[in-house]
Amino acid sequence: MRERLVRVAGGMMKSLSRTAYLCVANDVKQGSSRCLSSVAEPKQSNLRQVFRTSEDDPRAHTLDHVGLFYKIPETEVNSMFKGCIHPWHLRLMNTFNEHCLMVRKPSVEVNGYLKNMNFNHPVPKFVYYGRRGAGKVCSLLHTMHFCARNDWIMVHVPWAGQWVRGWNKEVAESTHKPGRFDLPMDAAEWLSHFRIQNQNKLKDLKTTSEYIWTKREKADVGTPLDEIINFGLNRFKFSSDCVGVLLKELRLQAAEKGFKVLVAINSVNSFFVPWSKENTLKNSEKKQVLPHEVSLVHNFKKMLSPTWNNGAVVCTVNEGSNDQSLREDYTPQYLLGQEGFEWFDPFVPILVPEYSSTEALSCLSYYIDRNWIQNEHGRTEEGMKEIMFVSNRNPFNLYKVCSSL
Amino acid sequence: MAALSRKRLTDIHKHLINGRTAAFARLFHSTRLNQQNEHSEQQEGEFRVFEIEGLKPVKTERFARRQKKKPPPPRFRSMATDQDWTDVWPTASTFKWSAVPFPVRQGFVENSSENEGVVPAKYANLELMKPPNFLHLTPAHVKKHCDALKKFCTAWPEGLETEEDCRHHFPVESVTSDYVFAAPSLRDDRARVASIKLNLSDLELDYHSRDKFIRLVGDRYNPDTDEVIFESDRCPLKSQNLEYVNFLLTAVYFESWKREGWEDQKELSDMESYFWDINASRKNMVSLLRTIKEADEKSPEADKGLGYLPSDVANEDAICQLEEVQQYKVAVEELFNEGENIETLNNYKAAVTKLLNLKSDAAV
C-alpha cells in the first residue's frame, strides 16, 4: 500500500504540481548533527513534498521513481561504495545520518539497457557526460548499485586521473614489459579497493594459466584470484602485474564461468589525454610518462575493447581531468579525443542534465527534512525558487548554495 | 471814461498776458518744482515740507513705444497634409526647423536641471543642423528624379528579370572604380584596383577539383556565401589588373583539375573532413559485427540478436551497405564534421542503440 502511494505521488510530481503531500516514509531518524541545535520544527512538519521512495532496491527503480531519494544500507556503503563517493558527498551523507541517493533518469535508462542486453554479445559501452556537478558520479553509483545487487563483479576506478598525475609518486620500470611504467602504490590501492568491493564473489575464481613473477616465484594454474591479490598487496613490486592478471582472468572467465563484470571508470578521458601540468608523472630520467605508458592504464584500456562478453562498461567523462586547454566542452568525443573515441566507438552517450524543477524541489525538500536548510526564508516556496534560480538547478551548486543557509 | 477804461483794459490785458507767460515758463521747469511751488503757495507763510523721495508714488509720463513687427508663424504650421514635399525641400540643405513638419529632438542633457531634463526640441537646435539630412531624397524625390531621367534610359534586357537570372547569365562580376575630384592631376592610384567575383557552384568541378580549388585560393573563398573573389592591384593600369585576375581564375581552374602524383599520398590527418570509410571506426565496426554474428549463431536468442545481419558476413562492403550501418556512418560523420551538440549526439546514440539492438524501458 505504501509503495503504491509513493508511485502515485511520484506520478503527480511529474506533472510539476507543487502541492504538499503527506510524507510516506516515516522511518526517518531525526538525528543529524544540525538537529542537535535548538532549532524549532518547521511549520509544515507534517505536510511534506514526497521526496523519498521506500523502494531501496535499484533493480526495481523505474521512471516513476525519478527524483526520489532512496536509502543505501550501511553495510553496502562500507563495502560496495567504499571509496566511491565524493568526499563532500560522503560528509553530507554522514551529517544526514543516512546514505541517500536520488534516482535519476540517466542511470535508470542505463540500468534498463543492462537489464535487456544480450550477454553473448561483446560488452556494450555507456558514457555518462554532462556539466560539472550535474551528477555523473552519482549516476554511476546508481548503476553500480544496480549491478552489485545483481551479483556482478565490480571493476571500479574511483578516479582515473589519479593514475596519470601525482607529486613525487613512485614510478617504477615495468617488470612485465620494458618501456612501460608501474605505479606500485596505486596498483596496490586499487587491489584492496577491488577486494573490498567484491567480498565473497571471488571464492571460486582461479587462474587459467601460469604466471611467473621471478625465477623463484610463480603462480600455478588454478591459483585462486584472492591469492593473486594477496601477492600483489604483499609484493608491491608486482602489484601492477597482478592487476593485469586479474583483469585478464576476469575477461577470459566471464563468459565461461557465467559471472558478470561491470567495468565502471570515473573520468575515463584521463586514459587518453596526457596531463602536462607540473604534477605529471615522471620516470627516473625525469621525462614525462604518457598515459599509454602506464601499465595500469594499459591494462584497463583492454577492458574497454569489445573482445570479451558477459559484462558491460559504464564510464564517465569529466572535463576537470583534462588539461586546462581542453576543458571548453563537456561532450564525450571532445573530451576523449580521437584516440579515445576510437577505443570507445561504438558507445552510447548518456547525457546527465541538471536537475529538472521536480528533482530540484525534491532535493530541497530533502535538505529541509534533514534540517540542512535552517533559514526560515529558505523553507518557503519563494526561497526555494530563489535557490533554484541562483544555483541554476545544478546539483553541486545547489548543495553549495544551501550549505550556507 | 471810455478812453480810460480802454487803457486800463489793455494794461490789464498786458498784465494778464505777462503773468501767463511767467506761469508757462514755470511750468516748463520741472513737475517737482511745480508741485513745490504749488505747495508753497498753499502753505504760504509756513515752513516748506521736505518731500522724501520715493515715499509717494510719482507719476511719470512715458513715450509710447512703436510696436515691433511680429515674425510670421513658422511655415510648418500652415502646411497642408497633402502638400508636395519635393517643393518644400527641393535640394540638399541644412536642417531648417520651421520647414520640417514633424517633431524631432536632438542633443545631450547632462542632468535634470539642464533644460528641465528634456532633450532639446528642433527650434534653433544646432545639433540637428550639424549632421547631413536626407530630406531631399525621399521616395517622392527619387520618383521625380527617375521620371526626369527616364527619357535617357533604354529598356531592361529580357530574361534578366531576377538576380538569379543575372547571376546565371553573367556569372562573373568585375568591379572597378573611377575617382573624380578637383586637383592638379587627374590620376588616382586607387583606380587601378580590379576584382572579379563569382560563385564556386557556377564552375564545373568534381569533388577532388573543388577541394583543390578551395585549398589553392585560400581565404579568397568564403564558404558561407560560396563566393570566390580575386582582387589585384599589382599592375599599374586597370585593364592590366583586370586581365591578370581573369588569368588567375583560368589558371586556378585548370590547375585544380590536375591530379599530381603526390596527391595520392594524402594521409588521414590531411583529410579536409572526417570520412568514416577510411577511418578506424569502419574496421572496428565490421569486426564487431562479425563477432556478434558468430555469437548469435552459437547461441541464438530471439529478439536480442542482430536480426538485420545477413547470413554471410564475409563481404565487408555488403555489411557497410546495411541500413543500420549506413545510419551509424552518417551519425559518426556528422559528429565529427558538424561538431558535437545535443542533436548530433542524440543521433549518434540512436544509431548505436539501433546498431547493437540495445533497448531500455526508460529511453526516450
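The values are calculated or read from the model by the stated rules, or taken from the named source; none is laboratory data. All of these numbers come straight from a predicted model, not from anything done at the bench. Backbone-built Cβ (ideal geometry, glycine too); neighbour counts: all protein chains shown. All accessible areas refer to the heavy atoms of the entire protein, side chains included, with ligands and DNA or RNA removed. Shrake-Rupley method; radii C 1.70, N 1.55, O 1.52, S 1.80 Å.
Remark: region A:116-127, residue by residue, has Karplus-estimated 3J(HN,Hα) of 9, 6, 8, 7, 7, 7, x, 4, x, 10, 10, 10 Hz, where x stands for each Gly or Pro and the curve is 6.51 cos²θ - 1.76 cosθ + 1.60 at θ = phi - 60°. Between A:Val390 and B:Asp312, the modelled label-to-label distance comes to 7.0 nm, taking each label 7 Å out from Cα in the direction of the beta carbon. The longest part of chain B holding none of the exposed loop chymotrypsin sites (Phe, Trp or Tyr not before Pro), meaning those outside H, G, I, E and B in DSSP with at most 11 other Cβ atoms within 10 Å, is B:182-364. Looking at chain A, the DSSP beta bridges with both ends there are about 40 percent antiparallel.
Shown here for region A:153-186: chymotrypsin sites (Phe, Trp or Tyr not before Pro) in loop regions (DSSP other than H, G, I, E, B) with at most 12 other Cβ atoms within 10 Å, namely A:Trp167. Compared with the dominant Cα axis of chain B, that is its longest principal axis, helix B:2-29 is turned about 30°. Among the trypsin sites (Lys or Arg not before Pro) in region B:48-145, those located in a DSSP loop and surrounded by at most 13 other Cβ atoms within 10 Å of their own Cβ are B:Arg48, B:Lys59, B:Arg62, B:Arg65, B:Arg66, B:Lys68, B:Lys69, B:Arg105. The residue list B:Ala155, B:Ala295, B:Thr176 was ranked by how far each Cα lies along the charge dipole of region B:153-303 toward its positive end, using unit charges on Cβ atoms, and B:Thr176 comes out on top. The angle between the Cα long axis of helix A:184-197 and the main principal axis of chain A comes to about 50°, on a 0 to 90 degree scale. Charged neighbours of B:Thr353, selected by a Cβ distance under 11 Å, balance to +1 (K, R count +1; D, E count -1).
Computed from backbone phi with θ = phi - 60° and the Karplus coefficients 6.51, -1.76 and 1.60, the 3J(HN,Hα) list for region B:198-206 is 8, 8, 5, 5, 6, 8, 8, 9, 9 Hz; x is used for glycine and proline. Interface A-B: total buried accessible area of about 2800 Å², 1.4 Å probe, protein heavy atoms only. Spin-label model, B:Asn133 to B:Leu160: label points 7 Å out along the Cα-to-beta-carbon direction sit 3.8 nm apart. Taking GluC sites (Glu not before Pro) that fall in a DSSP loop and have at most 15 other Cβ atoms within 10 Å as cut points, what is the longest piece of chain B between them? Formally, the longest exposed-site-free interval is B:205-259. Between the alpha-carbon centres of region B:184-250 and region A:184-225 there is a gap of 71 Å.
Between the chain alone and the structure with every protein chain in place, find the residues of region A:103-122 that drop at least 30 Å² of accessible area; heavy atoms, 1.4 Å probe. Flagged in region A:103-122: A:Lys105, A:Glu109, A:Tyr113, A:Asn116, A:Asn118, A:Asn120, A:His121, A:Pro122. Of the three principal axes defined by the Cα atoms of region B:235-364, the extents in descending order read 80, 36, 21 Å. Going by a ≥ b ≥ c, the root eigenvalues of the Cα gyration tensor, does region A:352-405 fall in the rounded group (a/c under 1.5), the prolate group (a/b larger than b/c) or the oblate group? Prolate, because a/c is 1.5 or more and a/b exceeds b/c. Once you sort the root eigenvalues of the Cα gyration tensor of region A:63-119 as a ≥ b ≥ c, which label holds: rounded (a/c under 1.5), prolate (a/b larger than b/c) or oblate (the other case)? The shape class here is prolate. Can you bin region A:61-181 into rounded, prolate or oblate? Criterion: square roots of the alpha carbon gyration tensor eigenvalues sorted a ≥ b ≥ c, rounded for a/c under 1.5, prolate for a/b above b/c, oblate for the rest. Oblate, because a/c is 1.5 or more while a/b does not exceed b/c. Each Lys and Arg Cβ is given +1 and each Asp and Glu Cβ -1; about its Cα centre, chain A then shows a dipole of about 240 debye. Here is the list for region B:169-217: trypsin sites (Lys or Arg not before Pro) lying in DSSP coil, each with at most 16 other C-beta atoms within 10 angstrom of its C-beta, are B:Arg187. Based on protein heavy atoms only, region A:122-351 ends up with 39 Å² per residue of surface accessible to a 1.4 Å probe. Across peptide A:247-254, the mean count of Cβ atoms from other chains lying within 10 Å of each residue's own Cβ comes to 0. In region A:122-351, the convex hull through the Cα atoms has an average projected area of 12.3 nm², a quarter of its surface area. For chain A, the equivalent ellipsoid built from the Cα gyration tensor has semi-axes of 41, 23, 20 Å, listed from largest to smallest. Dipole magnitude for region A:122-351: computed about the Cα centre from +1 point charges on Lys and Arg Cβ and -1 point charges on Asp and Glu Cβ, it is near 240 debye.
Residues considered: A:Gln333, A:Gln324, A:Gln374. Largest GNM mean-square fluctuation over chain A, using C-alpha springs under 10 Å, is found at A:Gln324. Of the beta bridges in the protein assembly as shown, as assigned by DSSP with both residues counted there, near 55 percent are antiparallel. For region A:400-405, putting each phi into the Karplus relation 6.51 cos²θ - 1.76 cosθ + 1.60 with θ = phi - 60° gives couplings of 5, 5, 6, 5, 9, 9 Hz, in residue order, rounded to whole numbers and with x for Gly and Pro.
Using 0.36 nm per residue and subtracting the Cα-Cα separation, the extra length available between B:Leu149 and B:His168 on full extension is 4.0 nm.
Compared with the dominant principal axis of the Cα atoms in chain A, helix A:357-369 is inclined by about 80°.
How big is the C-alpha Rg of chain B next to the rule-of-thumb value 2.2 N^0.38 Å, as a ratio? That works out to 2.47 for chain B. For chain B, which whole-number percentage of the solvent-accessible area (1.4 Å probe, protein heavy atoms only) is attributable to carbon and sulfur atoms? Here carbon and sulfur together make up 55 percent of the probe-accessible area. Across region A:225-328, the volume of the C-alpha convex hull divided among the residues equals 112 Å³ per residue.
Each Lys and Arg adds +1 at its Cβ and each Asp and Glu adds -1 at its Cβ; summed about the Cα centre, chain B shows a dipole of about 5760 debye. Over all Cα atoms in the protein assembly as shown, the spread is summed up by Rg and Dmax: 47.8, 192 Å. Springs between Cα atoms under 10 Å define the GNM used for chain A, and in it the highest mean-square fluctuation of A:Ala255, A:Ala188, A:Ala134 occurs at A:Ala255. If I build a Gaussian network model for chain B, linking alpha-carbon pairs within less than 10 angstrom, which residue out of B:Leu55, B:Leu237, B:Leu309 has the largest mean-square fluctuation? Sorting by GNM fluctuation, first place goes to B:Leu55. Dipole orientation for region B:100-157: of the candidates B:Leu135, B:Val119, B:Pro101, B:Leu135 has the Cα lying most toward the positive pole (charges on Cβ; Lys, Arg +1; Asp, Glu -1).
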